[in-house]
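I have placed the structure first, in the form of structure tokens, so that the comments after it can refer back to it.
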Amino acid sequence: MALRRVLWMLALLAAIAALAVSCGDDDDDNGDSGSTAEFTTISDGDLTVCTDAPYEPFEFEGADGEFTGFDMELMRAIATNLNLDLAVTVQPFDGIWLAPEAGTCDLVASAMTITDERSDAALFSDPYFDANQSLLVKAEDAEELSSLGALDGKTIGVQSGTTGESYANENKPDGAQVKSFDGGDALFPALVSGSVDAVLQDFPVNRERASQDDQFVVTAEFETGEQYGVATKKDNTALMDAINSQLAALRDDGTYDTIFDEFFPSENS
Amino acid sequence: MRAWSDLSPRKRSRIIRWCVYAITLAGIVALALLIDWPSIRRVFFDPDIARQQFPEVITQAAKNTLIFTAFGFVIAFGVGLLLAVMRLSDIAVYRGAALVWIEIFRGLPALVTISLIGFGLPIALGQQFPGTYTTGSIAVGVVGSAYIAETVRAGIEAVPRGQMEAARSLGMSYGRAMVTVVIPQALRIVIPPLTNEFVLLLKDTSLLSVLGVTASNKELLKFARDDAVATFNSTPYVVAGLVYLAITVPLTFLARRLESGGANRSSSAGPGRLRVLFRSLDPRGGSSDA
């Protein structure tokens, strides 16, 4: 009978669906409890890190195609100590601290300043880097645009969702306009093209650019006391404990200083 | 139980249809069971955050999107029309130039064109375009021009040759016949596809934020993204998506109506596609029976 056939098929489908659902549940249970290690990563054997590259000297693609930079090498050292491989996922910066919540990665390491607002949504590590804000302008404008106050009537380029953007909005002269860009890399062509008159962003990044490219000059540094941290999702304290103890260990055994000197050669000399 | 081959084709097709329904239903049920509804509601449909989007999502974001679209479409249409005529010219240089433009900007991803025009052109010219909306409008306009050129060209080719020949025999020059006789008829033919080009151009404006946005010229997607980041919630994307749909769906609906209006009448009326379209555009005769 046709009807019987159909019923059979329905029953079979229901069974498959039920199986799929229960399998899904099983997987979840395994993932949550974590049988051997005290923390689990989204991909076995990997420490998956979200970052917004290129952002020299913190994260960028090296000549060999591997991601490198201060953040990346620090994370690689931590991953190695935890017997994991470093896997890098590139994400736009705005909202990047929500990536672990979305399951995109275990950890965000992206020259990210620890702020109260971000700490509400993500779990931050101990600070691993001190950074201030700064102003980058074209070399020919260096005399004129030497402070934030001089930017009255000018356009300031910032990256969306950064502390530089907030700083610019809070401290700019009334006549200045703030223009936000999705990627930090777009700020430099925008400055060359005259789309913006100055770039306000993290000092180490502006300084790195100015040192490589003599059409740019850093004319001002703003003391903000900002500190970078890596972040994971709020409830992943097991992972964050491991990261924090590794950060401390790397500082103790000198690895931190070695990596620091590699990417910021001028500062310790 | 009877063998499958003994069943009548009608019965077989009915069984197959029920199986398809059953599989689809099982799929939907499985999905519904697997989905974490509370978190979907929390992440995408937070009523408070949705309310916070108004009125700025309309008064600023949608307004800016429409301004970029309107200026962009004017540019795209003007350049596209010129390119279409050039493509059909007897002069090989015009044809070649138009072909190169069309192939380049149809072949490039819109984001590449926008970045080239937004960053590259001002560097090359040593000069920024004045105005808040200019660069973005030019960028989406250039992208649109390549597609519109091909659409309009097809429209011009669809105008019967006799129209041009008749106009020429009355003593009109080629250019005059083109402008006063052929192009007006061609444009009527391409109104439905042009509506689709308008929608495509509107969607391309969502890429413009790569060129940087000021507080005053944020378009819909950038507006939503900033709010999504500020609230740690995806509801602003849903709101922006609904606003996009509120603009595009009536337009595509209109385009479909214009299209089908034309098709219906061409089968019944006979006197060629043009009269048909004239009539389909006439509010009285056009869609009274649709």
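Annotations
- Subset tally (residues that are closer than 12 Å to residue A:98 by Cβ and more than 8 Å from chain A (Cβ to nearest Cβ)) for the range B:230-242: 4
- Within the range B:86-122, considering residues that are in a loop (DSSP other than H, G, I, E, B) and more than 24 Å from residue A:192 (Cα to Cα), the one farthest from the other protein chains (Cβ to nearest Cβ): B:90
- Selection from the range B:6-45 of residues that are surrounded by 12 or more Cβ atoms within 10 Å (Cβ to Cβ), assigned to a loop (DSSP other than H, G, I, E, B) and within 14 Å of chain A (Cβ to nearest Cβ): B:7
- Test: residue B:141 is touching a helix residue (DSSP H, G or I) at 6+ places or on another chain (Cβ under 7 Å) and more than 14 Å from chain A (Cβ to nearest Cβ): yes
- Qualifying residue in the range A:26-43 (condition: within 11 Å of another protein chain (Cβ to nearest Cβ), assigned to a helix (DSSP H, G or I) and modelled with pLDDT under 90): yes
- The listed residue being polar (S, T, N, Q), closer than 24 Å to residue A:196 by Cβ and either out of contact with any Gly (no Cβ under 8 Å at 6 or more places or on another chain) or at pLDDT below 95 (or both), out of A:147, A:119: A:147
- Among the residues of the range B:124-153, those that are loosely packed, with under 14 Cβ neighbours inside 10 Å and not β-branched (Val, Ile, Thr) comprise B:124, B:125, B:126, B:127, B:130, B:131.
- Residue list for the range B:192-229, restricted to those being in a helix (DSSP H, G or I), facing another protein chain (nearest Cβ under 7 Å) and β-branched (Val, Ile, Thr): B:210, B:229
- Within the range A:137-150, the set of residues being crowded, with 16+ Cβ neighbours inside 10 Å and more than 14 Å from chain B (Cβ to nearest Cβ) comprises A:137, A:141, A:145, A:148, A:150.
- Selection within the range A:185-242 - within 13 Å of chain B (Cβ to nearest Cβ), out of contact with any Pro (no Cβ under 7 Å at 6 or more places or on another chain), closer than 21 Å to residue A:154 by Cβ and not in a strand (DSSP E or B): A:186, A:187, A:188, A:189, A:190, A:191, A:192, A:196, A:197, A:215
- Yes/no for residue B:147 being away from chain A (no Cβ under 14 Å) and under 21 Å from residue B:71 (Cα atoms): yes
- Residue under evaluation residue B:178, criteria (1) in contact with a strand residue (DSSP E or B) (Cβ under 9 Å, 6 or more places away or on another chain); (2) surrounded by 18 or more Cβ atoms within 10 Å (Cβ to Cβ); (3) not β-branched (Val, Ile, Thr), criterion not met: (1)
- Taking the range B:30-79 as the range and being out of contact with any helix residue (DSSP H, G or I) (no Cβ under 9 Å at 6 or more places or on another chain) and β-branched (Val, Ile, Thr) as the test, the residues that pass are B:35, B:40, B:59.
- Qualifying residue in the range B:50-66 (condition: out of contact with any Cys (no Cβ under 6 Å at 6 or more places or on another chain), within 11 Å of another protein chain (Cβ to nearest Cβ) and either more than 28 Å from residue B:236 (Cβ to Cβ) or modelled with pLDDT under 95 (or both)): no
- Condition check for residue A:247: in the same structural domain as residue A:84 (by TED's automatic domain parsing), surrounded by fewer than 22 Cβ atoms within 10 Å (Cβ to Cβ), touching a residue at least 40 places away in the same chain (Cβ under 8 Å) and within 19 Å of the chain's Cα centre (by Cα): yes
- Qualifying residues in the range A:196-219 (those that are out of contact with any strand residue (DSSP E or B) (no Cβ under 7 Å at 6 or more places or on another chain) and not charged (D, E, K, R)) - the one surrounded by the most Cβ atoms within 10 Å (Cβ to Cβ): A:211
- Screening the range B:52-75 for residues that are of a type in the set (Gly, Ala, Ser) and out of contact with any Gly (no Cβ under 9 Å at 6 or more places or on another chain) and picking the one that is surrounded by the most Cβ atoms within 10 Å (Cβ to Cβ) gives B:61.
- Qualifying residue in the range B:250-272 (condition: at pLDDT below 80, over 30 Å from residue B:119 (Cβ atoms), buried (at least 22 other Cβ atoms within 10 Å of the Cβ) and out of contact with any Leu (no Cβ under 6 Å at 6 or more places or on another chain)): yes
- Only residues that are in contact (Cβ under 8 Å) with a residue 12 or more places away in the chain and more than 11 Å from chain B (Cβ to nearest Cβ) were counted across the range A:151-184, and they come to 14.
- Here residue B:42 meets each of (1) within 27 Å of residue B:183 (Cβ to Cβ); (2) modelled with pLDDT under 90 with one exception, condition (1).
The values are calculated or read from the model by the stated rules, or taken from the named source; none is laboratory data. Computed from a prediction, not measured in an experiment: that's the story for all the values here. Because the Cβ atoms are built from the backbone with ideal geometry, glycine has one as well, and the counts that use them run over all protein chains shown.
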